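Rule-based calculations on the coordinates, nothing more; no lab input. Source: prediction; values computed, not measured. For neighbour counting, all protein chains shown are included, and Cβ atoms are generated from backbone atoms with ideal geometry for every residue, glycine included.
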Amino acid sequence: MKRLTIALALVLAATPCGAQTRRQLRAQNDTLKLKVAALEAELASYKAVEENLSGENENKVSFALEDYSSSSVIAGFSSVIAGPDRQSYTTRNDSLMAWYLHRASRNAAREQYNMDSVKFTTDVPDTTLMRRLRDMNSFISLPYNETVKNYMILYSEKMPRKMAEILGLSEYYMPIFEETFRRYDLPLELKYVSIIESAMNPRAESRVGAKGIWQFMYRTGLSYGLRIDSYIDERMDPFASADAAARYFRDAYRIFGDWTLAISAYNCGSGNVNKAIKRADGKRDFWSIYEYLPRETRGYVPAMVGAMYACRYATEYGLRPDPKALPVYVDTFKINRNLHFAQISEVLGIPIDDIRDLNPQYHKDIVPGEGNVLRLPFNYTSQFLEMQDSIYRYKAETMFAARIQDGREIVQGRPVPTSKGTTWIYYKVKRGDNLGLIAKRHHTTVKNLKSWNNLKSDMIREGQKLKVGKK
C-alpha cells in the first residue's frame, strides 16, 4: 500500500513542462486523471482486503496453542460426536475420531510448558541446528535465535507422542495443502501453519469458536466464501478451508509484503500487526515488532519453524508416524441428489465412521443435493459408480423424513420452507464503492448483488444497505 501511495504522488507530481498547447495540456490532464483514478481504485481494493484480514481474527485463539486438560479435550471431542443419529465412535478403534480420542487421553497428562519462561537444552550443538535450519532452504526466512531454538527443541525432543500423531496425519493432509498452495503460487512452508493452528484436527474448535484444521472464525470463514449453515460447515472441510487459507495468506502478503507478518496476521488479524508496526516505529519485520505482538502470536512463527524442523528431521530424532488413521487415496464425487451417509454405508458396507472422517464438513450425515462433493476410499470407487441408483433409492423415504431437500424441509413427503429462513449479511455502501469492488470484497459476483438487492443498474449510493451474502 505504501508503494501505491508513492506511485500516486509521483503521478500527481508529473506536471507537464515547456510550451504546450491548451489541447495538449487538456489531453495530459485527462490521462493523469485516469491514472489517479486507477491508483485510487487499487488503494481502495487494498483497504477492502485489509478489512477482511481484521475483525474476528484479532480475538482468535488457535486450538493447538491452547492449554488443556484431559477432561476438556475429551469433552470437546465428545460434543462433536454427540447426537441421536450417531453411533459411538469409541466402538471402532480404526475410526479417526477414536484415533483422536485415544491419543487425547494418552497425551492429556503431558507436561505443559510456559514458553515465555522455559529454556530447553539439547545435546545437539548450535552449529548443527543452524546448519540444518539453513539446509531446509526455506522460501520463508527462518532466522536462528534462542526463541526459535527453544521451539525446535520442543517439537523435536519434548513431545514425541504428539509429533507421532502429526506425522501420521501429515501423510494424508499435507499433499492436499501442497497442491492448494501451488495453485496460488504460495510458499509450501505455509502448510506447517496447520500444525500450529489445530494439530491437523479437522474437528478442532477453540474456546472462542475458531473451527477446523485452519481455525477459521465464523465471519472470517464467510468472508472467504466458506459455506456455514445447518448442514454444512466448510471450515471443517480440509480442501475448502485450505483454499480459503491460501487466499487469506495471499491477501495478507499483499498488505504486509513479508511472509512472517502475513503468518502473524493469520493468527491475530491485520489490525494487531499494524498496531505492532506503529509501536515499532514503522519497522516491518517479525523480530522488530515481536515484543509488541499479542502473547500467543509471539510464539506463533517460532512454533511454525519448530514444527517444520521436527517434521524435516524426524528420522534424526527417532520420530515415527503413528499408523494411518485415513486412507491416502480417496476419490471425489459430485452429488446432485440428497444422500445420507447411512445409505452409502449400508449398501456398500463402508463403515459410516470412515465416511464421516473423510467428509467432516457434513455434520448431519447428509450431503445436500446441490452439487456438493463426497469423498470415499479409492477402493470403493467402482462399487459406488455401479450402484449409485440403488444407493439413492435405499430407504430414501425414511432417511429423509423431516430432512432437507435443496435447502427445504421434507414434511409428509413434500418440501416446505424451513422455519428459520434465510439470514442475510448486510453491507453499508461507502464513498468510492462500486458493485465490482463490493463483490470482490465479499467473495461473490456483481450478478448476485444485483439479484439479491433488486438492482436494475450498477448505480448505488453512499449509505445504501446491500445484501452481500447469506449466513
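What full-extension length gain, to one decimal in nm, is calculated for residue 32 and residue 288 as 0.36 nm per residue of separation minus the Cα-Cα distance?
Length gained, residue 32 through residue 288: 88.3 nm.
Whole-Hz Karplus ³J(HN,Hα) for the stretch 212-226, in order, using 6.51 cos²θ - 1.76 cosθ + 1.60 and θ = phi - 60°, x for Gly and Pro?
These are the phi-based 3J(HN,Hα) values: x, 4, 9, 6, 7, 6, 4, 6, 5, x, 4, 5, 9, x, 7 Hz.
Could you pull out every one of the lysines with an alpha carbon less than 21 Å from that of residue 162, ignoring same-chain neighbours closer than 8 positions?
Of all the lysines, those that pass the test against residue 162 - Cα under 21 Å, at least 8 places apart if same chain - are 119, 149, 191, 211, 324.
For residue 446 and residue 141 in one chain, what is 0.36 nm times their gap in residues minus the Cα-Cα distance, to one decimal in nm?
Here the answer is 105.9 nm.
Output the peptides 387-395, 363-371, 302-310 sorted from most to least packed, where packing is the average of other Cβ atoms within 10 Å over each peptide's residues.
Descending packing order for the listed peptides: 302-310, 363-371, 387-395.
Set the bar at 24 Å for Cα to Cα. Now go through 60/465; 430/456; 33/428 and name every pair that lies beyond it.
60/465; 33/428
Rounded if a/c is under 1.5, else prolate if a/b is larger than b/c, else oblate: which is the stretch 424-470, with a ≥ b ≥ c the root eigenvalues of its Cα gyration tensor?
Rounded, because the longest to shortest axis ratio a/c is under 1.5.
Taking the Cβ of residue 190 as the center, what net charge do the other residues with Cβ under 14 Å away carry, scoring Lys and Arg +1 and Asp and Glu -1?
-3
How do 256, 216, 333 line up, fewest other C-beta atoms within 10 Å first?
333, 256, 216
Ranked highest first by the average count of other Cβ atoms within 10 Å around their residues, in what order do 204-211, 172-179 fall?
Averaged packing, sorted descending, gives the order 204-211, 172-179.
Could the peptides 264-272, 338-346, 181-189 be put in order, highest first, of the mean number of other beta-carbon atoms found within 10 Å of their residues?
My ranking of the peptides, most packed first, is 264-272, 338-346, 181-189.
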